[in-house]
1. Given H placed on each backbone N at 1.01 Å, which residues far from I581 in sequence or on other chains put an amide H within less than 5 Å of it?
2. Which ³J(HN,Hα) values, rounded to whole Hz and listed in residue order, are derived for region 353-361 from phi using the Karplus coefficients 6.51, -1.76 and 1.60 in 6.51 cos²θ - 1.76 cosθ + 1.60 with θ = phi - 60°, glycine and proline given as x?
3. Take the cross-link list K523/K575; K513/K638; K589/K622 and give me the ones stretching past 18 Å between alpha-carbons.
4. Return the long-range amide H neighbours of V295 (sequence gap of 5 or more, or a different chain), with a cut-off of under 5 Å between placed amide H atoms.
5. By the scheme Lys and Arg +1, Asp and Glu -1, what is the net charge of all other residues having a beta-carbon under 12 Å from that of E603?
6. Considering the Cα trace of region 559-673, what is its radius of gyration and what is Dmax, both in angstroms?
7. Could you please report the charge total around Q86, scoring K, R as +1 and D, E as -1 over all other residues with beta-carbon less than 13 angstrom from its beta-carbon?
8. Below 10 angstrom from the Cβ of Y348, what's the summed charge of the other residues (Lys, Arg +1; Asp, Glu -1)?
Amino acid sequence: MYWVKNRILSKIGYEEWSTKEVLRNLQKKKLNGGANISQELLLPLFDLNFNGEHLNMIVNHLKYDYNNYDNYVRIMKLIENNLKTQFNSQMKEIMKLIILWIENNLMFVIQTIPSYNAWDYSLVNLSETFTFEEMKLLERISKLDILDLSKPQKLAVDRLLFDLMNREDATKLIKTIAVNQYAKCLQKEITKQDCTFLIEPISMICSRIIYATFRNPTNIEIPKISKRIFLFELLRIISQKLHERFNLDFSKPIPLIIALDEYQLATRFINDLNSSLQHSIGWYMKRIQRYHGLVILPVFGGTLTEKDAKFEPTQYTSKQIPLPSLRPEDIETIMKKEKVDNLYTQKYKYFWDLIGAIPRHLEWAIEEAKSTLNIPVETRISTIYTNVSKRINNYYMCLDYRGVIENLALITLSGFKFEPLHIPYLKEINKLVSRGLVYKKDTHIGVPPTIIDQLSNDFKYIPNNLLTNFIIQSKKEDCDIFEELSLKTLTCRLNYFVVVRGIKNFSVGELFKGCIMPEKLEKPNFFTNVNGFTYRECKETLSAELITEENVTKARKNQIGMAGFLPALFYEGNKKLLFVIQYLQDETKEVLLGPSGIATFYEKALLKMEDFETYVIILTNKKVSETTKSMIVNGELKYNEKVDNKSAERICDCNRLVLMSGNCFETFFHPYLSGILVQYRDK
């Protein structure tokens, strides 16, 4: 309205404009309120004496027959009869442009919407204008009551049954960014780098904002909105109502999070939406938000691929919100609040910690727990597992991707970080991530453990029954569970190289990444001739006869000497290499495991076997000090030992030692599992 009143309309009404005045205004650029039609094209109208009277005819027709205004035939017939002429095809096209100009400009003045005054966007050199429908909608929105935006509305989000936990880092990041944005907002000059988008979908976004912000907007019909100026004005209305609600001076900006959940569902079907939306919101943040009293924090949520969250070459700053899996303590707290913590017992805590790592899966499990109250606990747990597994499995009925999911299951169990450069099927993986079938957070990728159980039934390179038998029906002691889990992880690490990456030559340091070992031991490479490794448990006494090239072997319980061994590998030609596994169970109450205890177990497990060069892997839940860690890295364990009541220093050459201690849980195991093992370590 601003530019219509000040750039087109003079004190004389448009209906009194002469032919020259009409044509002069039609020739003006759109920025100056004109239709941008050339003089050459308008000359036939000049010859017919087309003036303000004819403009008024069109206005009146639109006013009283507004619902049919885009039916140009009747209007043209009206003007043809008045001018006593018949338009050719070119003139009909020109008249369409004139009618459209009248609709988008003069109609503002004569329609019944003078009570709404939009902000003057010419102050920031924005030449876009509102259509009549947009102005009408803005007027209605401005009269609505605003909701309490400090609490997410049910229509705006798909809320969980419970409040999320383990989100302290995310909250801290958002607060830090808000403070920085506030400081930048007070400056006159803001760069793209100053505008931060948080990563975790313009017609569509406006609709969502309206429904999520205002009370009872359901009776408002929202037309197609294509101009960013409408979004800007909508944000101004929200800001005005928020300042009134909190009784704040308009000079004090209010932080406003625009959370766009399931963002990938929009970007996959609307071309260029990503760059268009970033440009619109970023432009607002740079040039307008300080005038509107806002500090905008855009958040893109959902299962986003790198393409969804791509910000180059626009140079805006993007920050990924850390959204880790739920920790065991979070799961226990949530179950207490939901009054089902009677199921979170020592016997079943591992089950809950694994199935509850993904918030939505925990929600399903709690719903099942509340609907199975009058049956025995063991049957209840089994029922929960079966029903939740069915719901999860419904998401994995894409048989075309089975091989991809099998590989991702191996990566999950291996504990290795997700490195795209080393992984095949990246296109397919991105599709799975975009559909929420695979969870990609921070540096790791994860397939739910229940799906891994299903895959292990048919895919021999995944160890069987990670969750079903290993957790639910397990009567094993913690130490035995830890030992088994470590060996299964090593099986998947071997298969990560051979099956997933298709390489048969890798280093000791790569295989045991995250463990503590001598620096000299990290570099040597070894190789294998097999196409994959399997996990097995043996009931007989371990011996050299049981060593194969394809099996990770676990010893029967209480076998003295070793807990198992890895398959026979080769290095430097055909020399055989064997990693003997020893579980170190320290019964003392010492918090840290000292070099003396490590040396004793190391020497015991350093077996002399014909045709093999033996190395030792020690598994323990105890931590070691930085000093002990440094000794191992240097290849020498130094400690004092009493001999004939005298203290004597001993040095143990440990250049063939790999230590997987309590220090390594977070770097060796997948986050799904490390949180559980931390509890075992800290007992």
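1. Those lying under 5 Å, H to H, from I581 are A563, G564, F565, L566, I617.
2. 5, 7, 6, x, 4, 8, x, 5, 5
3. The answer is K513/K638.
4. I254, L256
5. Neighbour charge sum, excluding E603 itself: +3.
6. 15.3, 50
7. +2
8. So the environment of Y348 carries a net charge of +1.
Readers should treat all values here as calculations from the given coordinates under stated rules, not as data from a laboratory. The shown structure was predicted, so the numbers you read here are calculated from the model rather than taken from an experiment. Here the Cβ is made from the backbone with ideal geometry for all residues, glycine too, and neighbour counts use every protein chain on show.
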